[in-house]
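Can you read through this structure? Questions will come right after.
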Amino acid sequence: MAENVLELRSLTKRYGNNVAVNRADLSIAQGEIYGLVGLNGAGKTTIIRMISAQTIPTAGEIVLFGATGERALSRMRARTGVMVETPSFYPYLSALDNLEYYRLQRGIPGKHVAEEALESVGLANTGKKKFKHFSLGMKQRLGLGLALMNRPDLLLLDEPINGLDPEGIVEFRNILLDLSRQRQTTILISSHILPELSNLATCYGFIDKGVMLEEISAKALREKCRACLELQVDDASKASLVLERTLGAQDYEVLPGNVIRLYGCLDRPEQVTQALIQAGVSLRAAENKGANLEDYFLSLIGGVRHA
Ligand code: ATP
């Protein structure tokens, strides 16, 4: 099993009476792209700020690359790259000069470092163009370039695609996928743009009002959200026989409480219900189920809510 790059144990942050993050547990294995999903104010930024030492936790533990305790953590933080909001860049400087400024300020050796970072975010050819003339997508990519200057093993990105146009989103996504594939960078990315995350994330953490509701792999989530006909019957074994023998269905699962999820025959639900009834199965309910990421998240937090 892959080593956990990051673990949060019961991590809590209070601001006066407001509990921004409430006993959050989270774990990210090496190489994952972890989508931290939550509405505005859910606590995503606060979590990223605590991991990157921009905010001190009220309680709980952070384990980074297996290390915990402030001294060890601060060593391990050198292996992370962080992007929380758009960093401040000098409007009259070029992309390279801006990164050079930060490289020198942070004492990162090697003139090639800034050039490499620009290369990896697709900004190597921006020449003398001043930052103030960059599109929002370019600005965000420069922010990512800055977070990449130390070639981090773990990248922490807070809402990096917020406000980008569709083209900018695709560009940003492709850069992250390249980093993941080519450098095996582990990535934590927070967002409320769920459809976009689903093109990227290998696992998810859902957070609401500071509470981590669920962590789930993308594969398990796809399974959970798979379209099916959910049948509530009086006798699941009898119903299974009908599904297999009369309808030739193979792809179904039996859940506790005589509930069957049928993944085939979705184009002919009447035939399914009819076959069951004719065989003497008492059918209490039959419902089409299946959800996308957004539906799933909303059902977790208990319906549609606006921040
Ligand atoms: P957003 O996308 O809007 O930033 P978020 O999920 O990142 O949302 P946080 O910014 O972490 O949420 O905020 C979580 C809660 O903590 C909110 O209720 C917010 O008002 C509160 N909060 C965050 N920072 C502070 C602070 N410095 N002082 C007081 N309260 C804060």
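Residue by residue through region 209-215, what is 3J(HN,Hα) from phi via Karplus (6.51 cos²θ - 1.76 cosθ + 1.60, θ = phi - 60°)? Round to whole Hz and write x for glycine and proline.
Result, rounded to whole Hz: 6, x, 9, 6, 7, 6, 10.
Let me ask something else about it. Find the accessible area per residue for the chain; the probe is 1.4 Å, ligands and nucleic acids are left out, and the unit is Å². Mind dumping the intermediate values first?
Values: 15320 Å² over 307 residues.
Dividing the accessible area of the chain by its residue count gives 50 Å².
Can I ask one more? On full extension of the chain, what length is gained from Asn199 through Leu255, given 0.36 nm per residue of separation minus the C-alpha to C-alpha distance? All intermediate terms of the calculation are to be shown ahead of the outcome.
Numbers: separation 56, 0.36 × 56 = 20.16 nm, distance 2.94 nm.
Result: 17.2 nm gained on full extension.
Still on this structure, please answer the following. Return the sequence-ordered ³J(HN,Hα) values of region 278-285 in whole Hz as given by the Karplus equation 6.51 cos²θ - 1.76 cosθ + 1.60 applied to θ = phi - 60°, using x for Gly and Pro.
4, 7, x, 7, 8, 9, 8, 7
Considering Cα pairs under 8 angstrom that are at least six residues apart, work out the relative contact order of the chain and quote it in whole percent.
On the way: 550 pairs, mean separation 60.7, N = 307.
So the answer I get is 20 percent.
Could you please report the charge total around Asn22, scoring K, R as +1 and D, E as -1 over all other residues with beta-carbon less than 12 angstrom from its beta-carbon?
Details: positive: Lys13, Arg14, Arg23, Lys209; negative: Asp25, Asp208.
Taking every other residue near Asn22 into account, the sum is +2.
Additional query: Note down the nm distance, to one decimal, between modelled labels 7 Å out along Cα→Cβ at Thr273 and at Arg181.
Between Thr273 and Arg181, the label points sit 4.5 nm apart.
Give me the percent of the accessible area of region 72-189 that comes from carbon and sulfur atoms, probe 1.4 Å, all protein chains in place. Write out the running numbers ahead of the final one.
Working: 2820 of 5680 Å².
Carbon with sulfur: 50 percent of the solvent-accessible area.
Classify region 26-68 as rounded, prolate or oblate from the Cα gyration tensor: take a ≥ b ≥ c as the square roots of its eigenvalues, call it rounded if a/c is under 1.5, otherwise prolate when a/b beats b/c and oblate if not.
The shape class here is oblate.
Of all DSSP beta bridges located in the chain, what percent are antiparallel, nearest 5? All intermediate terms of the calculation are to be shown ahead of the outcome.
Numbers: 35 of 54 bridges.
Percent antiparallel among DSSP bridges in the chain is about 65.
Of the listed pairs Lys44/Lys224; Lys132/Lys219; Lys13/Lys111; Lys111/Lys132; Lys238/Lys289, which have alpha-carbon separations greater than 30 Å here? Spell out each step's value before the answer.
Numbers: Lys44/Lys224 24 Å; Lys132/Lys219 42 Å; Lys13/Lys111 39 Å; Lys111/Lys132 24 Å; Lys238/Lys289 22 Å.
Too far apart for the 30 Å limit: Lys132/Lys219; Lys13/Lys111.
With θ taken as phi - 60° and the coefficients 6.51, -1.76 and 1.60, list the Karplus ³J(HN,Hα) couplings across region 220-233 in order, rounded to whole Hz; mark glycine and proline as x.
Computed from phi, the couplings for region 220-233 are 5, 5, 4, 4, 5, 8, 4, 5, 7, 9, 9, 10, 9, 10 Hz.
So, one more: Can you pull out the trypsin sites (Lys or Arg not before Pro) in region 149-224 whose DSSP state is coil and whose Cβ has at most 16 other Cβ atoms within 10 Å? Could the numbers behind the result be given before it?
Working: sites: Arg173, Arg181, Arg183, Lys209, Lys219, Arg222, Lys224; in loops: Lys209.
Of the trypsin sites (Lys or Arg not before Pro), the ones in loops of region 149-224 whose Cβ has at most 16 other Cβ atoms within 10 Å are Lys209.
Additional query: I'd like the distance separating the alpha-carbon centroids of region 1-34 and region 215-233, in whole Å.
First find each Cα centre; the distance between them is then 25 Å.
So, one more: Tell me the label-point distance for the pair Asn288, Glu223, using the 7 Å Cα-to-Cβ offset, in nm and rounded to one decimal.
For Asn288 paired with Glu223, the spin-label model returns 2.5 nm.
So, with a 1.4 angstrom probe, what is the percent of accessible area on region 204-307 that is carbon and sulfur? Write out the running numbers ahead of the final one.
Details: 2770 of 5840 Å².
Ligands and nucleic acids excluded, carbon and sulfur give 47 percent.
What full-extension length gain, to one decimal in nm, is calculated for Arg14 and Glu230 as 0.36 nm per residue of separation minus the Cα-Cα distance? Please report the intermediate quantities before stating the final value.
Numbers: separation 216, 0.36 × 216 = 77.76 nm, distance 4.22 nm.
The span from Arg14 to Glu230 would gain 73.5 nm if fully extended.
The values are calculated or read from the model by the stated rules, or taken from the named source; none is laboratory data. All values derive from a computational prediction rather than experimental measurement. All Cβ positions, even for glycine, are placed from backbone atoms using ideal geometry, and neighbour counts span all protein chains on display. Surface accessibility is based on the protein's heavy atoms, side chains included, excluding ligands, DNA and RNA. Shrake-Rupley method; radii C 1.70, N 1.55, O 1.52, S 1.80 Å.
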